[in-house]
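J.: Before we start, here is the structure in question, set down as structure tokens.
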């Protein structure tokens, strides 16, 4: 039976009880509006750990516009049923007051890995993510935390925070789950207008075409990116936030030539909804 907890102290007690029985703990931090992408993370945790805990918290620190926070999709009952049906052992549903009982004067910041992509497009975004993830890690104290590869930069910055702060938590990144048309599963997809919904799969199609050109021998950044930019710019009501190629480890921009292991990341507004996606450049068709 799913244990639903709203207070950090209750979660600490629960996890301590698990550990006293010799159980390993897997953790999936989410902002709710759960879908099969989250489901793949929960299943991975259930497969690799004795106990699995999911958190749902829409973190105000990582929103740069109040209207984005106000319109973020929330369906607590459906989310709770989703977690229970998958067989997770516990759910953590903290309030804003529980996570931030007073004004948050201490923020976690990171340099270099946050200089580009969403770090440049959304100032303060990763300060909010790293701060809340660190707080959650302290509350839950998991052995393994599971994240989706769709948020490539987020996984990289969280992994580096764990390394820099000498934490023992392992970070596991799972492949991006997609619809049959290639669209990366995202909580924001449900907010897309009908016409935008039909255009959204073009993001992954463009990324795949770029990867094919790379496998055919093209390595010049401009030659690879230009066709994507042209295709996406032609979509009605679309606005490109960024199309960037970065080193897969350092996340520093590639401005000349690309190589195996680099990441192509895009962020595009379709109407008012901002979607992100990425691919890792590989030289074999069966590798993503």
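J.: Would you mind finding the one in 128, 119 that is in contact (Cβ under 8 Å) with a residue 40 or more places away in the chain, in the same structural domain as residue 148 (by TED's automatic domain parsing), out of contact with any strand residue (DSSP E or B) (no Cβ under 9 Å at 6 or more places or on another chain) and buried (at least 18 other Cβ atoms within 10 Å of the Cβ)? Even if it seems obvious, please write down each step before you answer.
T.: Details: 119 fails: in contact (Cβ under 8 Å) with a residue 40 or more places away in the chain.
Sole residue among the options that is in contact (Cβ under 8 Å) with a residue 40 or more places away in the chain, in the same structural domain as residue 148 (by TED's automatic domain parsing), out of contact with any strand residue (DSSP E or B) (no Cβ under 9 Å at 6 or more places or on another chain) and buried (at least 18 other Cβ atoms within 10 Å of the Cβ): 128.
J.: Scan (1) within 30 Å of residue 47 (Cβ to Cβ); (2) touching a strand residue (DSSP E or B) at 6+ places or on another chain (Cβ under 6 Å) for the single condition residue 238 breaks and write down its number.
T.: (1)
J.: Sticking with this one: Filter the range 137-150 for residues that are farther than 29 Å from residue 183 by Cα and not in a loop (DSSP other than H, G, I, E, B) and give the result.
T.: Of the range 137-150, the ones farther than 29 Å from residue 183 by Cα are 137-143.
Residues satisfying the conditions are 137, 138, 139, 140.
J.: Now, a different point. How many residues does the range 110-120 hold that are assigned to a helix (DSSP H, G or I) and touching a helix residue (DSSP H, G or I) at 6+ places or on another chain (Cβ under 7 Å)?
T.: Of the residues in that region, 2 qualify.
J.: Something else: Out of the residues in the range 179-192 meeting the condition of being free of Cβ contacts under 8 Å to residues at least 60 places away in the same chain and touching a helix residue (DSSP H, G or I) at 6+ places or on another chain (Cβ under 7 Å), tell me which one is farthest from residue 79 (Cα to Cα). Break it down stepwise before answering.
T.: Residues of the range 179-192 that are free of Cβ contacts under 8 Å to residues at least 60 places away in the same chain, as a first pass: 179-183.
Filter again for touching a helix residue (DSSP H, G or I) at 6+ places or on another chain (Cβ under 7 Å), leaving 182-183.
Working: 182: 24, 183: 21 Å.
Looking at the filtered set, the residue picked out is 182.
J.: Is it true that some residue in the range 151-166 is in a strand (DSSP E or B), in the same structural domain as residue 33 (by TED's automatic domain parsing) and crowded, with 16+ Cβ neighbours inside 10 Å? So that I can check it myself, show each step before the final result.
T.: Taking the range 151-166 and keeping what is in a strand (DSSP E or B), we get none.
For the range 151-166, residues in a strand (DSSP E or B), in the same structural domain as residue 33 (by TED's automatic domain parsing) and crowded, with 16+ Cβ neighbours inside 10 Å: absent.
The values are calculated or read from the model by the stated rules, or taken from the named source; none is laboratory data. Since the structure is predicted, the reported quantities are computational estimates derived from the model, not experimental observations. Cβ atoms come from the backbone with ideal geometry, glycine included; neighbour counts cover every protein chain shown.
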